[in-house]
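> After the structure tokens below, expect a handful of questions from me.
The values are calculated or read from the model by the stated rules, or taken from the named source; none is laboratory data. Computed from a prediction, not measured in an experiment: that's the story for all the values here. Counting neighbours? That spans all protein chains shown, and the Cβs are built from the backbone with ideal geometry, glycine included.
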Amino acid sequence: MTAAASIVFTVATLLLAAYALNALALTFLYLLHRSEVHECVKLVYYPRVTVQLPIYNEAMVVERLLRAVTRLDWPRNRLQIQILDDSTDETSLIIQECVARYRAEGFDIQLLRREERSGYKAGALHMGLRHATGELIAIFDADFVPERNWLQRTVPYFLSRPRLGMLQTRWSHLNREHSLLTRAQAVALDGHFVVEQTARHRSGLLFIFNGTAGIWRRECIEEAGGWQSDTLCEDMDLSFRAQLAGWECLYLPEVVTPAEIPPQLAALKRQQFRWAKGTIQCLLKLGKQVASSHLPWYVRGMAFIHLSAYLVHPLLLLSLLATLPMSLSPLPPLVSPGIIGMFTASPLLMYAVGQIVLYRRRWLRHYASSPLLMLLGIGIALNNTRGVIEALFGTNNVFHRTPKFGLEGSKGKWQDNPYVLEVDIVTLGELALAFYALASVVAAWQNGYTQMIPSLLLYAAGFAYVGGLGLWEARLKQRRKTRPQLHALPAQYSGTAVPSEFAASYSVTATPEYAPPSSQIAGVEHNL
């Protein structure tokens, strides 16, 4: 058993080292290509644009979204707004009152509802495309707030590049300063959007559409096979298929779109679970196509690392589980446990570069939450491993949305929100793994494997943090007995008519135009 544990530990740590080297490589590629710029022609005419807004139970943020979209600087006779509403609660009432108001103001705004939520977000986007009139399709999730000049800064690239199929913009954060949890997530997201996405795009590697805050050429969507719902990452699926079909994709880090970061750990875990499962589903679906493509070998290799990135989490679990029986063996480990430290340090270097680029002299203040991010990345491993296993076995392919809370800055409390999630059973597993890691520390100490203790303490702290925070959030939720509740619409409700019994249950008030403070819009263009 101890020999088997040693083999498992060796294989897992070597594979983790490969992913660590990938983070280093992307950081180097970013620094190598950082100064490149993309020429953009002047906007000489206004192509027709359809803005699609997929909505499912978003009562706290949908009005803010519609207010931002209707203020986009684009001729109204060249702009179509599609609300793809799958909601089962009072969100539909808010939408209908907003639609009536904006139609009276002269907007071409279309509300589309389905009798059933088949295909989830991909199904909604596919349905909307059939009714779309635009040659370009912009997509925003419910918690995003595009700036007024967003179309002015993105559409011109499509005019000068006939094979440009997709353009992705960078996310920034409306509620970065809400809590330690949101600050840690912001560091990770900045690393992805500043370093990873830029490095992949400017190095000629395959990169992904992030599901929102981007714009597609309709012809590209259709030629690449359209929106498909057989994975939970329909965005990654379509963007890979489009690039494999020969379409060009563009990433613009200088165009920023503010959005909300999940303030509740349970919401983050749900989001991460969906991304982990959907990414591995894309690996299983597209792996053969990537391997047989005519792309250079290094592009295919980096694509496989990208598609398989969430395998890191089961590898972390395997390396931990193998440590205790290996510590009881008189045989030394075949590889140095310091490789795990390398895996931890490499992403942190990439995140540091992201913060330096965005904040320059103030980067350390934002980067101070990186130790928490390190614990979070380890502690969420069990949750994400469940997603990977479900993807490998093809089970329970249900799209569970990430709830939106409508928070901005440091104001508001997520526990006052009607969309608060329950604590899941995985929390107990995370606490059990924290104790397992501590038991491994004792065994390693007693048997002279002191070089393994730092990484084991890191495991213990990560799982204890995530599991403990889950229990604390559950306690907060229980104490909020008076949280507002949203009415559910009848199951048979479809179309655009609102049942009379719900007519007065929600009122939409006119609010001033949303303009996020400059402190919430991370980064300066010339830094990128």
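> Against the condition touching a Gly at 6+ places or on another chain (Cβ under 6 Å), among the charged types (D, E, K, R) and surrounded by 17 or more Cβ atoms within 10 Å (Cβ to Cβ), how does Glu473 come out, does it pass?
no
> Please tell me if Ser203 is small (Gly, Ala, Ser) and either under 18 Å from the mean Cα position of the chain (by Cα) or under 27 Å from Met350 (Cβ atoms) (or both).
Against the criterion (small (Gly, Ala, Ser) and either under 18 Å from the mean Cα position of the chain (by Cα) or under 27 Å from Met350 (Cβ atoms) (or both)), Ser203 qualifies.
> Considering only segment 352-365, state which residues are crowded, with 16+ Cβ neighbours inside 10 Å and either within 14 Å of Gln197 (Cβ to Cβ) or hydrophobic (A, V, I, L, M, F, W, C) (or both).
If the condition is that a residue be crowded, with 16+ Cβ neighbours inside 10 Å and either within 14 Å of Gln197 (Cβ to Cβ) or hydrophobic (A, V, I, L, M, F, W, C) (or both), then Ala352, Val353, Gly354, Ile356, Val357, Leu358, Trp363 are the ones that fit.
Yes/no per residue for (1) in contact with a Cys (Cβ under 6 Å, 6 or more places away or on another chain); (2) hydrophobic (A, V, I, L, M, F, W, C); (3) in contact (Cβ under 8 Å) with a residue 60 or more places away in the chain; (4) surrounded by fewer than 23 Cβ atoms within 10 Å (Cβ to Cβ):
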| site | (1), (2), (3), (4) |
| --- | --- |
| Arg130 | no, no, no, yes |
| Ile139 | no, yes, yes, no |
| Tyr157 | yes, no, yes, yes |
| His178 | no, no, yes, no |
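> Next up: Cβ-Cβ under 6 Å, sequence separation 6+ or interchain: first residue in segment 413-429 and aromatic (Phe, Trp, Tyr), partner outside any helix (DSSP H, G or I). Which pairs?
Hits for this filter: Trp414/Pro263; Trp414/Gln264; Trp414/Phe405; Tyr419/Pro403.
> Residue check, Glu90 against (1) within 24 Å of Leu174 (Cβ to Cβ); (2) at pLDDT 95 or above; (3) in contact with a Phe, Trp or Tyr (Cβ under 7 Å, 6 or more places away or on another chain), all met but one. Which one?
Evaluating Glu90 over (1) within 24 Å of Leu174 (Cβ to Cβ); (2) at pLDDT 95 or above; (3) in contact with a Phe, Trp or Tyr (Cβ under 7 Å, 6 or more places away or on another chain) leaves (2) as the failure.
> Let me ask another. Can you go through Ile109, Ile81 and tell me which one is of a type in the set (Val, Ile, Thr) and under 24 Å from Leu238 (Cα atoms)?
The conditions single out Ile81.
> Also, I was wondering about something else. Regarding Ala267, is this residue in contact (Cβ under 8 Å) with a residue 24 or more places away in the chain and within 24 Å of Asn397 (Cα to Cα)?
In short, yes.
> While we're looking at this one, here's another question. Output the number of residues of segment 29-72 satisfying the condition of being farther than 16 Å from Phe140 by Cα, part of a loop (DSSP other than H, G, I, E, B) and not hydrophobic (A, V, I, L, M, F, W, C).
Result for segment 29-72: 10.
> Would you check if Tyr436 is surrounded by 22 or more Cβ atoms within 10 Å (Cβ to Cβ) and either assigned to a helix (DSSP H, G or I) or not assigned by TED's automatic domain parsing to the domain that holds Ile55 (or both)?
Taking the combined requirement at face value, the residue does not satisfy it.
> Another question, then. Would a scan of segment 398-421 turn up a residue that is surrounded by fewer than 18 Cβ atoms within 10 Å (Cβ to Cβ), polar (S, T, N, Q) and under 19 Å from the mean Cα position of the chain (by Cα)?
Within segment 398-421 (the criterion being surrounded by fewer than 18 Cβ atoms within 10 Å (Cβ to Cβ), polar (S, T, N, Q) and under 19 Å from the mean Cα position of the chain (by Cα)), the answer is no, since none of the residues qualifies.
> Could you grab me the full set of residues in segment 271-308 that are in contact (Cβ under 8 Å) with a residue 40 or more places away in the chain, among the small types (Gly, Ala, Ser) and either in the same structural domain as Gly225 (by TED's automatic domain parsing) or within 14 Å of Leu244 (Cα to Cα) (or both)?
Selection gives Ser293, Ala303.
> If you don't mind, there's one more thing I want to ask. Regarding segment 5-14, can at least one residue be identified that is surrounded by fewer than 17 Cβ atoms within 10 Å (Cβ to Cβ), in a helix (DSSP H, G or I), in contact with a helix residue (DSSP H, G or I) (Cβ under 8 Å, 6 or more places away or on another chain) and not β-branched (Val, Ile, Thr)?
Yes.
> Being surrounded by fewer than 20 Cβ atoms within 10 Å (Cβ to Cβ) and either among the aromatic types (Phe, Trp, Tyr) or in contact with an Asp or Glu (Cβ under 8 Å, 6 or more places away or on another chain) (or both) is the filter; apply it to segment 90-109 and report the residue that is nearest to Gly134 (Cα to Cα).
Only one residue tops the list, namely Phe107.
> To continue, here is another question. If you check Leu21 against the conditions, is it assigned to a helix (DSSP H, G or I) and closer than 29 Å to Val357 by Cβ?
Yes, satisfied.
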